[in-house]
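*Asks:* Quick one: structure below, then a few questions.
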Amino acid sequence: MPVEAMAQKILFGSCSHQDKAMPILKAINREQADLFIFLGDNIYGDTINMTDMAQKYQRLGNNSDIQTLRKTTPTIAIWDDHDFGENDAGIEYEEKESSRKLMLDFWQEPKDSPRYSRKDGIYTSYMYGKAEQKVHVILPDLRWNRPALNSVSMIDYQFKRKAKNMGPYSPSESKTASMLGETQWQWLESELQKPAKIKLIGSSLQLLPEFTGWESWANFPHDRNRLLALIKKYRVNGVIIISGDTHWGEMSKVTTDLDYPLWEVTSSGLTEEWKDVSPNKHRVGSFTNKVNYGELLIDWQQSDANIKLSLKDVDGKVFSQQNMRLSSISPYDKVK
């Protein structure tokens, strides 16, 4: 893969409805970031009519602040359900090949990219910086292969879960059910072994929280456990997770069965808000149910790089932040 310019300021967000105002983009454009990552639901397509889908991409592209962002800041993207095709859609979505082309064309993917032709999704990765300042961005596809969700009964949802702000899904009972599929898992395992100081996994769904009842990695515990096990197996330093989908913003941390704290920053949405935020035992600090975007700042000038994770509001003001040294999430560098 080509090595892009050094990344010191990476912004990210999700859930941008093409027919709604996006004042938050003005703050994002003032940031002059090195990279912006769209984490899914980048439009709300929700259709099997590809003419309709194309028009919705066009409306997003006509937004003057989106145009400014794309002219001034490198942008990359993965999809979630609403830009894949339909709410909570997975392997059964019948127009995914056509939807793939519309999505990749809009985000100006190179025409020779394997994302256009892979039989199992549009997953991809990017490497930024050189030598001791490499940031590896990994974007899995959690839609193309995802089997049917395991739904609770309507009675259980209405009378037991809804009052707790939990959704209608429960974890798969299968020990092998996977959102990614085996071919993508082999790819991801290979990506995890590539050298980089920071591994930034951009997930369209929340990975660490368990269990909201909405779509998440927790619906497929085999996938979640497999990723955490691979981080340990291959002694992968510097993993940070960013995610979208929820329509709220929060930070999560997991330390159990890992050799260092694993952080996840959920940023959602750029236009969408959800008043009933679900419980999350891994949440650190407060959440927001207002529009928000995320920021990863890396100070490479220090011998032990300083990393700052932030969530910001519509005006670009920080409302949640965590600071850490690279060494605190790189324990394997210390072992000879």
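The values are calculated or read from the model by the stated rules, or taken from the named source; none is laboratory data. All of these numbers come straight from a predicted model, not from anything done at the bench. Neighbour counts run over all protein chains shown; Cβ positions are idealised from the backbone, glycine included.
*Asks:* Just to be sure before I move on: is Glu191 out of contact with any Pro (no Cβ under 8 Å at 6 or more places or on another chain), of a type in the set (Asp, Glu) and part of a helix (DSSP H, G or I) in the structure I sent? Quick ask: steps written out before the conclusion?
*Replies:* Numbers: out of contact with any Pro (no Cβ under 8 Å at 6 or more places or on another chain): yes; of a type in the set (Asp, Glu): yes; part of a helix (DSSP H, G or I): yes.
Taking the combined requirement at face value, the residue satisfies it.
*Asks:* Restricting attention to the range 163-184, does a residue exist that is in a loop (DSSP other than H, G, I, E, B), over 26 Å from Glu250 (Cβ atoms) and in contact with a Gly (Cβ under 8 Å, 6 or more places away or on another chain)?
*Replies:* yes
*Asks:* Here is a further query. Could you check, for the range 306-322, whether at least one of its residues is surrounded by 18 or more Cβ atoms within 10 Å (Cβ to Cβ) and either part of a loop (DSSP other than H, G, I, E, B) or of a type in the set (Asp, Glu) (or both)?
*Replies:* Kept after step one, since they are surrounded by 18 or more Cβ atoms within 10 Å (Cβ to Cβ), are these residues of the range 306-322: 307, 309-312, 320.
Still in the running and either part of a loop (DSSP other than H, G, I, E, B) or of a type in the set (Asp, Glu) (or both): none.
Within the range 306-322, not a single residue is surrounded by 18 or more Cβ atoms within 10 Å (Cβ to Cβ) and either part of a loop (DSSP other than H, G, I, E, B) or of a type in the set (Asp, Glu) (or both).
One line per residue, one yes/no per condition, for (1) among the charged types (D, E, K, R); (2) at pLDDT 95 or above; (3) surrounded by 23 or more Cβ atoms within 10 Å (Cβ to Cβ); (4) touching an Asp or Glu at 6+ places or on another chain (Cβ under 8 Å):
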position	(1), (2), (3), (4)
Gln184	no, yes, no, yes
Trp187	no, yes, no, no
Leu192	no, yes, no, no
Lys197	yes, yes, no, yes
Leu200	no, yes, yes, no
Leu207	no, yes, yes, yes
Glu215	yes, yes, yes, yes
His222	no, yes, no, no
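*Asks:* Ok, one more. Which residue is surrounded by the most Cβ atoms within 10 Å (Cβ to Cβ), if the candidates are limited to the range 109-129 and must be in a loop (DSSP other than H, G, I, E, B) and free of Cβ contacts under 8 Å to residues at least 12 places away in the same chain?
*Replies:* As a first pass, look at the range 109-129 and keep what is in a loop (DSSP other than H, G, I, E, B): 109-113, 117-123, 129.
Keeping just the survivors that are free of Cβ contacts under 8 Å to residues at least 12 places away in the same chain gives 109-113, 117-118.
Working: Glu109: 19, Pro110: 9, Lys111: 8, Asp112: 7, Ser113: 12, Ser117: 8, Arg118: 17.
Across the range 109-129, the extreme among qualifying residues is Glu109.
*Asks:* Out of curiosity, is Glu92 in contact (Cβ under 8 Å) with a residue 12 or more places away in the chain, surrounded by fewer than 17 Cβ atoms within 10 Å (Cβ to Cβ) and not in a helix (DSSP H, G or I)? Working first, answer last.
*Replies:* On the way: in contact (Cβ under 8 Å) with a residue 12 or more places away in the chain: yes; surrounded by fewer than 17 Cβ atoms within 10 Å (Cβ to Cβ): yes; not in a helix (DSSP H, G or I): yes.
Yes, satisfied.
Yes or no, residue by residue, for (1) under 16 Å from Pro331 (Cα atoms); (2) of a type outside the set (D, E, K, R); (3) surrounded by 15 or more Cβ atoms within 10 Å (Cβ to Cβ); (4) in contact (Cβ under 8 Å) with a residue 12 or more places away in the chain:
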{"position": "Leu230", "(1), (2), (3), (4)": "yes, yes, yes, yes"}
{"position": "Lys233", "(1), (2), (3), (4)": "yes, no, no, no"}
{"position": "Gly238", "(1), (2), (3), (4)": "yes, yes, yes, yes"}
{"position": "Gly244", "(1), (2), (3), (4)": "no, yes, yes, yes"}
{"position": "Glu250", "(1), (2), (3), (4)": "no, no, yes, yes"}
{"position": "Thr255", "(1), (2), (3), (4)": "yes, yes, no, no"}
{"position": "Ser267", "(1), (2), (3), (4)": "no, yes, yes, yes"}
{"position": "Trp274", "(1), (2), (3), (4)": "no, yes, yes, yes"}
{"position": "His282", "(1), (2), (3), (4)": "no, yes, yes, yes"}
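*Asks:* Which residues, taken from the range 268-287, are outside any loop (DSSP other than H, G, I, E, B) and in contact with a Phe, Trp or Tyr (Cβ under 6 Å, 6 or more places away or on another chain)?
*Replies:* Going through the range 268-287, the residues outside any loop (DSSP other than H, G, I, E, B) turn out to be 283-287.
Result: Phe287, single match.
*Asks:* In addition: How many of the residues making up the range 89-125 are aliphatic (A, V, I, L, M) and more than 18 Å from the chain's Cα centre (by Cα)?
*Replies:* Let us first name the residues in the range 89-125 that are aliphatic (A, V, I, L, M), namely 89, 91, 102-104, 122.
This time we only want the ones that are more than 18 Å from the chain's Cα centre (by Cα), so: 91, 102.
Number satisfying all stated conditions: 2.
*Asks:* How many residues does the range 249-273 contain that are modelled with pLDDT under 95 and within 19 Å of the chain's Cα centre (by Cα)?
*Replies:* Number satisfying all stated conditions: 0.
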